[in-house]
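Asks: Sharing a structure below in structure tokens format, with a few things to ask.
The values are calculated or read from the model by the stated rules, or taken from the named source; none is laboratory data. Please read these numbers as outputs of a predicted model, since none were measured by experiment. As a convention, Cβ positions derive from the backbone with ideal geometry for all residues, glycine included, and neighbour counts pool all protein chains shown. The protein model used for the area step is the full one, side chains on, heavy atoms only, and it has no ligands, DNA or RNA in it. Shrake-Rupley method; radii C 1.70, N 1.55, O 1.52, S 1.80 Å.
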Amino acid sequence: MNHNHSVVLYHNNTRGQLQGTKIPILRKRAHGLLPVFKYEDKERYYIISEECVTDSDEWIVERTINYSALLRFGDIFQLKNKKTGLYLSSYENEKSEQTKQGLMCLSSHPQFFYFQSPSIDQKIADILHRQVVKIVNIQNGLTLHSHKDRYKNPKVKHMEVTAFKDKDSNDFWILEYRTHPLQIQKNIISSFQKIIIRNQVEIKYLTDKAGELHPGTIQNSLVFELLSDKNNTLQLMNSKSKQYLDYAFKDGQDLTTFSLDLPLMGWFIIPLTEQTLVYGQPVHIVKNGRHLTLYKDRIALLLHPTIQSQWMMEQP
């Protein structure tokens, strides 16, 4: 079985998406501007980070050893741009255009990288959906890096992507799977699956109203993605906006809201009839000891569950 994965990478600080472009990198020479060549390498091309992206620019993680379904910290791989067929490469002695950091580019000659966790306390090897990673070149130790500075080249105009040795949080990237390593088994629900959530007692679905959770009809129901986290709980992410479900207190009232930032703790989704999570079974959805509850035609978080705290998950 091939356990290489198609992924999309978002810069953690700027929210730009890592992309490749066929515009060659130019360098000033005595006789004008020429594409960069090295040995038998073809032209090198820009890697850009763009803020507002409509269609994903995917990358293929080609691992040297395919021993697990999920990508793992420490995996050695080559990163291939799906659109251009070229590979991620970094060079310490050649400088980037805007900030003169190390050069990160697309090249016909692949180099080897590995995944590193930003946290020194990371104890789980698996890289989960939308987890933060660092991507480090094995040969020169340079890390995939970006910032808000833009390329000077008028044809590029996007945020610069460079190679830097373990600088700061601008080395952090959010990895999204575009291939799902966990498949549906019968009616069992597993990570990365899309669901809609209905109240077990009343036919009311979780919907979005001005960024807050509200009961509504199936036509307006939110489609969530179930994402595992390191605490073995689940994050609930709005499949359309890519925002995470969280809650806050305002004017003495608890509000379920959406946020772009990954919450520190996920939701406990507790099956009431079986140990495994199955479509149609009653569940409690709990965070910090508070139960998601349909309460007086709104969604509340209550310390003590009621019959209206029971929910069921359906396929969208």
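Asks: For segment 78-179, treating each Cα as an identical point scatterer without solvent, what Debye log10 I(q)/I(0) comes out at q = 0.11, 0.16, 0.17 1/Å?
Replies: Log-scaled intensity ratios, in q order: -0.35, -0.74, -0.84.
Asks: What pairs from LYS134/LYS167; LYS22/LYS83; LYS242/LYS296; LYS100/LYS134; LYS209/LYS242; LYS80/LYS165 go past 19 Å between their alpha carbons? Can you show the working numbers first?
Replies: Details: LYS134/LYS167 11 Å; LYS22/LYS83 10 Å; LYS242/LYS296 28 Å; LYS100/LYS134 21 Å; LYS209/LYS242 16 Å; LYS80/LYS165 22 Å.
Checking Cα-Cα distances, LYS242/LYS296; LYS100/LYS134; LYS80/LYS165 exceed 19 Å.
Asks: Could you calculate the FRET efficiency of LYS95 with ILE65 from 1/(1 + (r/R0)^6), where r is the beta carbon distance between them and R0 is 25 Å, rounded to 0.05? Numbers along the way, then the final one.
Replies: Values: r = 34 Å, r/R0 = 1.35.
Calculated transfer efficiency: 0.15.
Asks: In nm, give the distance between the simple-model label positions of LEU302 and GLU202, each being 7 Å from the Cα along the Cα-to-Cβ direction.
Replies: Output for this residue pair reads 1.2 nm.
Asks: Ranked by accessible surface with a 1.4 Å probe, highest first, in what order do TYR10, TYR205 come?
Replies: On the way: TYR10 55, TYR205 15 Å².
So, going from the largest accessible area down, we get TYR10, TYR205.
Asks: For GLN139 and LYS209 in one chain, what is 0.36 nm times their gap in residues minus the Cα-Cα distance, to one decimal in nm?
Replies: Working: separation 70, 0.36 × 70 = 25.20 nm, distance 5.01 nm.
20.2 nm is the gain from fully extending GLN139 to LYS209.
Asks: Using the Karplus curve 6.51 cos²θ - 1.76 cosθ + 1.60 with θ = phi - 60°, what ³J(HN,Hα) values do you get for each residue of segment 148-157, in whole Hz, with x for Gly and Pro?
Replies: 7, 5, 9, 5, 6, 4, x, 7, 9, 6
Asks: Also: What FRET efficiency do you get for LYS194 and LYS148 if R0 is 30 Å and r is their Cβ-Cβ distance, rounded to the nearest 0.05?
Replies: Details: r = 33 Å, r/R0 = 1.10.
Calculated value: 0.35.
Asks: Right, another one. Quick query: amide H of TRP267 versus all other amide H atoms, modeled in the peptide plane; which residues come in under 5 Å with a sequence gap of 5 or more or a different chain?
Replies: LEU234, GLN235, LEU236
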